[in-house]
């Protein structure tokens, strides 16, 4: 139960997060983005099943090629035996051996191509899906990019191109926290692909996405710490301010 990721539980968690964001920030871009991520997670649950399912037609094609190759090899072998029995010259025997080797090499190459075709086809599908997920991860980062908690202390006046900052410290904290949760869940969706295959390319790609989300999440939590530190400073300064006012009175 706790040794594998459950796609249904990930989708359920994303659906709950989607509702939380919609209730806190209705009709926001972040809410629509979480809805899109939830949709991708639902599709992933069915995609990994399709990728893990064996391609019967490819395996049947491989078996057919192998049987045809074995049949040709048997025919060439019987021809070589007949040549030996008929006291044919050495050239005929060598030609038969050459044909035998050529058929053996071509059959092996054809079977190997078809067998690896299935794994390459599944790899391509998984990589395409992971690239889609990578784009969503960067879109999440774009949403938190302008949420600068230090702007009040570092920017004295705004310009015409300055982003609108209408969130309170509490709302800003919740917004950034939602972004961090979305990044974490996106990494879990990527991990579903790594869990369903042994392909090293797919595993490395999913691991790279997990590293990207971890780095972006650390950046977000630095912003959250700045917001929380700024919110604690006024309360810490309040007793001293009250004492000064009392002495002045």
Conditions (1) in contact with a helix residue (DSSP H, G or I) (Cβ under 6 Å, 6 or more places away or on another chain); (2) part of a helix (DSSP H, G or I); (3) crowded, with 18+ Cβ neighbours inside 10 Å -> residue 149 fails only (2)
Residues of the stretch 18-47 being assigned to a helix (DSSP H, G or I) and more than 19 Å from the chain's Cα centre (by Cα), in sequence order, are 18, 19, 20, 21, 22, 23, 24, 29, 30, 31, 32
Residues in the stretch 175-202 that are surrounded by fewer than 18 Cβ atoms within 10 Å (Cβ to Cβ) and farther than 23 Å from residue 42 by Cβ total 4
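Where a number appears in this text, it was derived from the coordinates with a stated rule and is not lab data. Note that the structure is a prediction, hence the values are computed from the model and not measured. FYI the Cβ positions are ideal-geometry reconstructions off the backbone, even for glycines, and counts take in every protein chain you see.
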